1. Looking only at the stretch 143-162, count how many residues are open to solvent by 60 Å² or more (accessible area, probe 1.4 Å) and more than 16 Å from PRO122 (Cα to Cα).
2. Just checking, how many residues over the stretch 176-206 are at pLDDT 65 or above, out of contact with any helix residue (DSSP H, G or I) (no Cβ under 9 Å at 6 or more places or on another chain) and open to solvent by 90 Å² or more (accessible area, probe 1.4 Å)?
3. Run down LEU121, LEU117 and say which single residue is open to solvent by less than 30 Å² (accessible area, probe 1.4 Å) and modelled with pLDDT of 80 or more.
4. Can ARG23 be described as farther than 24 Å from LEU168 by Cα and touching a residue at least 12 places away in the same chain (Cβ under 8 Å)?
5. Being among the charged types (D, E, K, R) and modelled with pLDDT under 90 is the requirement here; does ARG86 meet it?
6. Could we say that ASP61 is open to solvent by 60 Å² or more (accessible area, probe 1.4 Å) and in a helix (DSSP H, G or I) here?
Amino acid sequence: KGDSLQERISRPGEPLPAADAYRLLAEVADALAYAHAHGVVHRDVKPANIMLSGDHALLVDFGVAQAMSAAADGESPGAGHFVGTRQYMAPEQFTESANVDGRADVYSLGVVIFEVLTGRLPDDGYDLTPSGGRRTGAKSLSDLRPDVPRELDALVRRALASRVESRLATAEELRDGLARVAAAPSRKPRLRTVGITAAVVAALVVVALLWRARARPVVDDDRVAIAPFE
């Protein structure tokens, strides 16, 4: 019971809190790690195939999944054909849909992470010619969400590497990185504390200057008071 992640992130005016997003996406990465450990590649990871049940995320629809042993046989779907949903597919799926490993799922989940946090896909377009399929114009997560942790930005960059050899090797790496980000304390309370401290110090400086102005009839208007806020 519950909505799909696609339905959840499509609700106007109700963005998914970052902490919840990190936790739920880590659960999806864990599901992929389990599937890969049992020799299965999902090949169609996307928000519509992630169901939210209570406080948990469930990866569903293994309809186009394939055993890695079958992929090793080098079977091809034929020129101009591919398996998956193009917006979320790894580059190699456009030309070698039947010959991919778990890193294709890692790429797809990287696209999902990008979309969940920014509301946009990380690419400007696709070359869908039979000989193409290469993604172009990849954007940086930090360009659209400067508040995301640097570790997450670097993690997503590696997950979205076009070259398979440069990509995160396993879903476990993505899962563990998301879990660390989810467990890290938020920086917002710290920023609020600094802001309150700054306001208090500024008020004290003003009070002190007013008191000195009343106590001393002559005041140098060219003076500037600078107080450290930390």
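The values are calculated or read from the model by the stated rules, or taken from the named source; none is laboratory data. Note that the structure is a prediction, hence the values are computed from the model and not measured. Don't worry about glycine lacking a Cβ; one is built from the backbone with ideal geometry, like all the others, and counts go over all protein chains shown. Remember, those area values only see protein heavy atoms, side chains included, never the ligands or the DNA or RNA. Shrake-Rupley method; radii C 1.70, N 1.55, O 1.52, S 1.80 Å.
1. 3
2. 3
3. Numbers: LEU121 fails: open to solvent by less than 30 Å² (accessible area, probe 1.4 Å).
Within the list LEU121, LEU117, the selection yields LEU117.
4. On the way: farther than 24 Å from LEU168 by Cα: no; touching a residue at least 12 places away in the same chain (Cβ under 8 Å): yes.
No; evaluated as a whole, the condition is false for this residue.
5. Against the criterion (among the charged types (D, E, K, R) and modelled with pLDDT under 90), ARG86 qualifies.
6. No; evaluated as a whole, the condition is false for this residue.
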